[in-house]
1. Got a number for residues in the stretch 74-89 being over 16 Å from Ile53 (Cβ atoms) and surrounded by fewer than 19 Cβ atoms within 10 Å (Cβ to Cβ)?
2. What helices (runs of 4 or more DSSP H), lying completely within the stretch 294-355, carry at least 1 residues that are acidic (Asp, Glu) and closer than 17 Å to Asp48 by Cβ?
3. Is one or more of the residues making up the stretch 63-82 basic (Lys, Arg), closer than 22 Å to Arg26 by Cα and touching a helix residue (DSSP H, G or I) at 6+ places or on another chain (Cβ under 6 Å)?
4. Could you check, for the stretch 105-118, whether at least one of its residues is surrounded by fewer than 19 Cβ atoms within 10 Å (Cβ to Cβ) and assigned to a helix (DSSP H, G or I)?
5. Just give me the residues in the stretch 15-67 being within 21 Å of Ile163 (Cβ to Cβ) and part of a loop (DSSP other than H, G, I, E, B), in sequence order.
6. State which residue pairs qualify: first residue closer than 17 Å to Ala75 by Cα and inside the stretch 92-104, second residue of a type outside the set (Asp, Glu) and not in a loop (DSSP other than H, G, I, E, B) in any location, beta carbons under 6 Å apart, and separation of 6 or more residues or different chains.
7. Could you list all residues from the stretch 1-48 that are modelled with pLDDT under 90 and either within 22 Å of the chain's Cα centre (by Cα) or not hydrophobic (A, V, I, L, M, F, W, C) (or both)?
8. Would you confirm, using the coordinates I've provided, whether Glu89 is within 20 Å of the chain's Cα centre (by Cα), free of Cβ contacts under 8 Å to residues at least 24 places away in the same chain, on the phi < 0 side of the Ramachandran plot and assigned to a helix (DSSP H, G or I)?
Amino acid sequence: MALKDDPKLAALVGEALRAILRRARREAANEEDFRDKRKVVIFSYFADTVDWIMDFLEEVLRTDKALAPYRGRLAGVTGSESYRGVSREDAIFGFAPRSSEAPPGRDEDRFDILVTTDVLAEGMNLQQCRNVVNYDLPWNPMRLVQRHGRIDRIGSLHDHVYIWCFFPDVRLEALLDLESRIRRKVAQAAATVGVEHEVIPGAARSDIVFAETREEIERLQARDASLLVLACLRLIGCKEDAPTHLPEEMKEAAYEAWACARRDIFDEWQFATDPANLQPKVRPALRAAAGHLRKFPPPPLTQEEIDAVIDAVEAPWGMRIEKQIREALASSDGVDASRRIVDTVRQLGLEPFRAPEPLPPIEEEDVTLICWLAVDAAG
């Protein structure tokens, strides 16, 4: 399909970017405010989709007069390396120089549209921007919350932030129904003849768990934004002069709960003081792929580049990533297999894993309660 014929790309421009520009122009107080209000992060799950979007936008922005403010202000990120001549850091600094605290000399406001994989879904301060577009819908709804959290953060100057989602209706329903049928048949088999091992391993922790989040996914499909804005917090909001209500039994229960929580926090902290406990649990196929790269390093990559790919592969990824790396490894032999592994790592935007630093030892008395809030439904 030609780029110009893709209805999803057409909707990205016609229903999202133009609407964002119109709202920004209508509400902006000055030119700097207009620039901040029109900024948009476009998230995609796959690196090749980022390429697809970038190719389309580069062409459209050159010719579409309605999108003229975005012309020459487009950047992309798919991993730790440079993308189309712009490094990851320069893309972030150029997109949100104030909120990302760009250093002097790299703090020019250069970009208004940032197209990226989920490599930027965590840990980035992009609240200078007020718009997020989810070009594809991640199956874990919390991933949407993480994406939205890049701009819905403390320090934002915007009274409102906006999130846009593309919903894959047909595929969504088919996948949800497929997993439901599989789980039902597994349960029937277990009840009849017994099942020795977990048939859907790691389902509760995998990247794609449809059945357990079906209600949330369908709420997103129905345009229910409560998951994205943590609406539960709004339900317990009150005015400053609202009277307090604290039954004695609730107070006692709270401190009993704190004693349990304190012990649990201490145990978790102690666990994290041992470096051995922080080492990643790497799946066998990922270890095999890393070993293959060491044995058959693919030219023309430098040793430093190969080491970075090995670090990205030999990491605690889930079954979805392991499957794709395994397929790349099995697709050919020797150096050709290594090249396919490298291509897969880049397409997925995998980053080298860095184990966290061990925590310093503490005593249980060091874990203190600063404040607590009680909500009584009957109050």
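1. Within the stretch 74-89, residues that are over 16 Å from Ile53 (Cβ atoms) and surrounded by fewer than 19 Cβ atoms within 10 Å (Cβ to Cβ) number 6.
2. Correct list: 319-330, 334-348.
3. Yes, the stretch 63-82 contains at least one residue that is basic (Lys, Arg), closer than 22 Å to Arg26 by Cα and touching a helix residue (DSSP H, G or I) at 6+ places or on another chain (Cβ under 6 Å).
4. Yes - at least one qualifying residue is present in the stretch 105-118.
5. Once the filter is applied, which keeps residues that are within 21 Å of Ile163 (Cβ to Cβ) and part of a loop (DSSP other than H, G, I, E, B), the stretch 15-67 yields Ala28, Lys39, Ser44, Tyr45, Phe46.
6. Pairs that qualify, where the first residue is closer than 17 Å to Ala75 by Cα and the partner is of a type outside the set (Asp, Glu) and not in a loop (DSSP other than H, G, I, E, B), are Phe95/Leu114; Ser100/Ile92; Ser100/Phe93; Ala102/Phe93.
7. Passing the criteria: Lys4, Asp5, Asp6, Pro7, Lys8, Gly14, Glu15, Tyr45, Phe46, Ala47, Asp48.
8. When the stated conditions are applied, Glu89 passes them.
The values are calculated or read from the model by the stated rules, or taken from the named source; none is laboratory data. Being a predicted model, the structure only gives us computed values, none of them experimental. So basically every Cβ, Gly included, is an ideal-geometry build from the backbone, and we count neighbours across all protein chains shown.
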